[in-house]
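Structure first, then comments.
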Amino acid sequence: MKTAFKNGRPVPAITIFFLLALIVQVTSGFTTPVSNQCSCTSPVVTKDSQTTATVSFSWEAVDGANGYNVWYVRSEDSFTSQPVSTGGTSVNFTNLPAGTYDFYFITICVGESSGFVIYDDLIMG
């Protein structure tokens, strides 16, 4: 059995397992919500519009939701935005530089949150 190393130290097998599990989840478009065994369900997200620097999403309200968190990661430089917290069912991102983006959506309920939904490989610019 081979051992993986990072910075000269062995990487625990459990870390490799979770990374592989996350990689397997990702597909083009939306991924399957990641379950964390709670009653708070993930939003069903739709991309409403997109221009060269703007994208708009909306989703159906989730029963019991107190709000939603949405953020993105830009692939080219791994930039991660601050989460946008909203009690509504839509969000707009403007002035996005050209690049490839993954957008993350989570439902927030009392004392818990849903698994996340990813809209991935969205190309802007």
**Prompt:** Out of segment 62-83, which residues are over 12 Å from S113 (Cβ atoms), in contact (Cβ under 8 Å) with a residue 24 or more places away in the chain and either among the aromatic types (F, W, Y) or loosely packed, with under 13 Cβ neighbours inside 10 Å (or both)?
**Reply:** W71, Y72, E76
**Item:** Candidate set from segment 51-61 (those that are touching a Pro at 6+ places or on another chain (Cβ under 8 Å) and in a loop (DSSP other than H, G, I, E, B)); member that is surrounded by the fewest Cβ atoms within 10 Å (Cβ to Cβ)
**Value:** E60
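Consider segment 59-105. How many of its residues are among the small types (G, A, S) and closer than 17 Å to T46 by Cβ? Lay out the reasoning, then the answer.
Looking only at segment 59-105, we keep the residues that are among the small types (G, A, S), and these are 61, 64-65, 67, 75, 78, 81, 85, 87-88, 90, 98-99.
If we keep only those that are closer than 17 Å to T46 by Cβ too, we end up with 61, 65, 88, 90.
The total comes to 4.
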**Request:** Just one of (1) of a type outside the set (V, I, T); (2) closer than 18 Å to T100 by Cα; (3) at pLDDT below 95 trips up Q37, so point out which.
**Result:** (2)
**Fill in**
Picked from segment 90-121 (must be surrounded by fewer than 18 Cβ atoms within 10 Å (Cβ to Cβ) and among the aliphatic types (A, V, I, L, M)), the residue modelled with the lowest pLDDT is V110
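The values are calculated or read from the model by the stated rules, or taken from the named source; none is laboratory data. Keep in mind the model is a prediction, meaning the values are calculated, not measured. When we count neighbours, we look across all protein chains shown, and the Cβ atoms used for this are built from the backbone with ideal geometry, even at glycine.
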